[in-house]
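Please read the structure below before turning to the comments.
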Amino acid sequence: MNIYKVLPSLDRERQMKLWHKAQSSQWSAEDINWAAPQRLTSDRTKDGLARILTPVLMGEQAALYSVSSLIPILGHRSEVGAQFFLTTWAVDEARHTELFTRFYGRLDRQPMSIRRFPSGYFVQSEIRSEDPGTWLAGVLVSEVAAKHITQELLRLDLDPVLSEISDGILVDEARHLAFNHIYLEDLFAGLFRKAHGDGASYAAETSARLESVLSKIPAVFAALQGDLIEVGIDPEKLFADIAAEARERLQSSIDRGERVAVRRTLESSLTAAADAR
């Protein structure tokens, strides 16, 4: 039997602030101007774009499933602020899934099947975890990749509807990345304060998860190399940018968590010394 607190704790101020921001930033596929004239006229470009968007759509669906499965896990841990935010993250992923599904209808194309595109499936299967911290380390790669790919689609401005979708998704991804940092920083702060070895061990575990997911990305871009180059995206630069940002973001969460732990330990020691006088 699951036991829930009658009065949950809402003391994670930064998580609660993101939760409130997420509520006020919601939007719908119905807000998109689907009637805008198509700028894409070449069948070859449409075919290539349908292939390029396949891992994006797969990532949105996979994130929806994994986020939804973590909501009750956070509830069982009484991590209510994080649980609240993940409900909006799930809504975001559902919206993105609907948007890209409808855009495929606009293209009159189909995404590649898993059988034809196993590398995309392998990336998403590597991310899934029932531990929030290791999941966030893995999904960090997917979220950073979504950010960079969406920025490229916005830069290329291939179709007005796709650009409008990309603009909205970038706002959502910024919130997801902010939560990723806040949650991991708090997690590492608690572990480092408990014992430095615990923090260092979990830092190694999450870093290994991130590297494992990153190692699967080149195969995805290799499968799409011709299509990416055709529309004006450099796959090697894209991967380098994704890898650099994902590593930097995770390391920042680790470092900041460790600094917070040191500061809190010092503050506790000073308070104890003052009380002892």
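Structure notes:
- Gain on full extension, evaluated as 0.36 nm per residue between residue 264 and residue 115 minus their Cα-Cα distance, stands at 48.5 nm.
- A Förster radius of 41 Å, combined with the Cβ-Cβ distance separating residue 201 from residue 44, puts the computed FRET efficiency at roughly 0.20.
- Mean sequence separation of contacting Cα pairs (under 8 Å, at least six apart), scaled by the length of the chain, corresponds to a relative contact order of 23 percent.
- Full-extension gain in nm, residue 225 to residue 20, via 0.36 nm per residue minus C-alpha separation: 69.8 nm
- Calculated [222 nm] ellipticity per residue, helices only, for the chain: -27000 deg cm²/dmol; basis is -39500 (n - 2.57) per DSSP H run with n ≥ 4, divided by all residues, nearest 500.
- A convex hull fitted around the alpha carbon atoms of region 41-266 yields 111 Å³ per residue.
- Neighbour net charge for residue 111 - beta-carbon separation under 15 angstrom, K R +1, D E -1: +2
- Computed over the Cα atoms of region 1-135, the ratio of the radius of gyration to the Kirkwood radius (Rg/Rh) comes to 1.07.
- Highest mobility in the GNM of the chain, judged by mean-square fluctuation with C-alpha springs under 10 Å and restricted to 127, 73, 149, is found for 73.
- Projecting label points 7 angstrom from Cα along Cα→Cβ for residue 11 and residue 98 puts them 3.8 nm apart.
- Span-like helix ranges in the chain, DSSP H, alpha carbon extent 24 angstrom or more, Kyte mean at least -1.0: 54-76, 80-107, 132-156, 160-194, 196-214, 235-276
- In terms of other Cβ atoms within 10 Å, 140, 187, 170, 266 run from fewest to most in the order 266, 170, 187, 140.
- Reference-scaled alpha-carbon Rg (2.2 N^0.38 Å with N residues) for region 10-69: 1.69
- Length gained when the stretch residue 215-residue 170 is fully extended (0.36 nm per residue, less Cα-Cα span): 13.8 nm
- From the alpha carbon centroid of region 195-234 to that of region 24-87 is 20 Å.
- Between 227, 172, 159, the residue with the greatest mean-square fluctuation in the GNM of the chain (Cα pairs under 10 Å linked by springs) is 159.
Where a number appears in this text, it was derived from the coordinates with a stated rule and is not lab data. Everything numeric in this text was worked out from a predicted model, so none of it was measured. FYI the Cβ positions are ideal-geometry reconstructions off the backbone, even for glycines, and counts take in every protein chain you see.
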